[in-house]
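Before I ask anything, here is the structure I am working with.
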């Protein structure tokens, strides 16, 4: 999934044999999001002088806006600078010794709505108009490189800064996704997200909106719009995970919970090491295969842990009936995880796996919420256990990653 490739290896409409820049910079790639699409596309070269001070910027509605006045550009040439001061300000930063770097999410590449080449041409025109060398990092889809995750910045510091460590206190980041509420200026809509502010917080550098940085406006109020992990962790202090959840006699355990609520972790921590057969639809593919594996396990006198979301009584009934047919008890473990926490766990899992486990799309959450029926003993369970999420970490790195801001 990872590994550097030189520009042009992408193929087709994404090919760009050379830049039109006046600076010694070239396009490069890292990883593979899907066949023919790299995870990260970046512009680097000898004219991007390493510096301990970095001035980072989002691109759309920060460095540029549409010339047409529309929300989205009508084509690669539909752009103008966000403000006349953009060019002047960036030149000043460059002359002060700061390295100017753009970080942009471009999920339209993965979706096929735009091509890498179209964006490269556009960004080269912007750099030539600025008349200073600029590094650019493009996240091409909804994977671990996407802001607000800090990986693009970390990749830049580790691989594209000549071995120079970055001083966070003298660096900065500017972006328009700042979590501002509707009418933060009269008539202005609310920001579509808070991902730029989160990105700066995750990186650990001061944050500014383009209106503040380029136009001198006062900072407006904002909402993070996502789980405040620091506050959440305070609520878990003093809580401990149960030492044991398995039973010595044969049984069926049905897990119920939102996507990315920790079901597989519970199954692997408490049950599969004790010989339980794990039934997981993500692995097996269909409900029918899940039921077949469960039935075979019961026939072979194995206990079963069903590691699916199981939102509906109807879904749960199929396993309850199997258990009754084999004359074994069936318990339900309901994972009590808030929507905000499950979204955070979803992104944490993707980031921790470096994109190997892709995030669960929001439609899966909406489907769960639409059909969810609270499990009850009257369905045929011997008991329903409610299990709170209590985090535990394998390393300080994992804990640090868990504490980062995320959004869906």
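The values are calculated or read from the model by the stated rules, or taken from the named source; none is laboratory data. This structure is a prediction, so every number in the text was calculated from the model and none was measured. Don't worry about glycine lacking a Cβ; one is built from the backbone with ideal geometry, like all the others, and counts go over all protein chains shown.
Do the conditions hold for residue 325, that is, is it over 23 Å from residue 289 (Cα atoms), outside the structural domain of residue 145 (by TED's automatic domain parsing) and without any contact (Cβ under 8 Å) to a residue 60 or more places away in the chain?
No, not satisfied.
So which of 386, 373, 340 is modelled with pLDDT of 95 or more, more than 24 Å from residue 271 (Cα to Cα), in the same structural domain as residue 317 (by TED's automatic domain parsing) and not in a helix (DSSP H, G or I)?
That would be 373, the only listed residue that is modelled with pLDDT of 95 or more, more than 24 Å from residue 271 (Cα to Cα), in the same structural domain as residue 317 (by TED's automatic domain parsing) and not in a helix (DSSP H, G or I).
For residues that are surrounded by 19 or more Cβ atoms within 10 Å (Cβ to Cβ) and out of contact with any strand residue (DSSP E or B) (no Cβ under 6 Å at 6 or more places or on another chain), scanning just the range 78-113, find the one that is nearest to residue 150 (Cα to Cα).
Step by step, filter the range 78-113, then rank; the result is 109.
I need a count of the residues in the range 90-108 that are in contact (Cβ under 8 Å) with a residue 60 or more places away in the chain and in contact with a helix residue (DSSP H, G or I) (Cβ under 6 Å, 6 or more places away or on another chain).
1
For the range 131-156: of the residues being surrounded by fewer than 20 Cβ atoms within 10 Å (Cβ to Cβ) and in contact with a strand residue (DSSP E or B) (Cβ under 8 Å, 6 or more places away or on another chain), which is nearest to residue 198 (Cα to Cα)?
Result: 155.
Moving on. Which one is nearest to residue 377 (Cα to Cα), of the residues in the range 293-328 that are part of a loop (DSSP other than H, G, I, E, B) and out of contact with any helix residue (DSSP H, G or I) (no Cβ under 7 Å at 6 or more places or on another chain)?
Here the residue is 327.
I'd like to check something: does the range 220-227 contain any residue that is part of a helix (DSSP H, G or I), outside the structural domain of residue 337 (by TED's automatic domain parsing) and more than 20 Å from the chain's Cα centre (by Cα)?
Checked the range 220-227: no residue is part of a helix (DSSP H, G or I), outside the structural domain of residue 337 (by TED's automatic domain parsing) and more than 20 Å from the chain's Cα centre (by Cα).
Then there's this: Within the range 239-290, count every residue that is without any contact (Cβ under 8 Å) to a residue 40 or more places away in the chain, in a loop (DSSP other than H, G, I, E, B) and under 29 Å from the mean Cα position of the chain (by Cα).
The total comes to 3.
Any residue that is under 33 Å from the mean Cα position of the chain (by Cα), surrounded by 15 or more Cβ atoms within 10 Å (Cβ to Cβ), closer than 17 Å to residue 385 by Cβ and touching a residue at least 12 places away in the same chain (Cβ under 8 Å) - is there at least one of those in the range 338-352?
So far as the range 338-352 goes, no, none of its residues is under 33 Å from the mean Cα position of the chain (by Cα), surrounded by 15 or more Cβ atoms within 10 Å (Cβ to Cβ), closer than 17 Å to residue 385 by Cβ and touching a residue at least 12 places away in the same chain (Cβ under 8 Å).
Picking from 191, 196, which residue would you name as being touching a residue at least 24 places away in the same chain (Cβ under 8 Å), surrounded by 21 or more Cβ atoms within 10 Å (Cβ to Cβ) and not in a loop (DSSP other than H, G, I, E, B)?
Going through 191, 196 in turn, the sole match is 196.
Hey, another quick one. Please pick out the residue among 234, 239, 244, 218 that is touching a helix residue (DSSP H, G or I) at 6+ places or on another chain (Cβ under 8 Å) and more than 30 Å from residue 84 (Cα to Cα).
244
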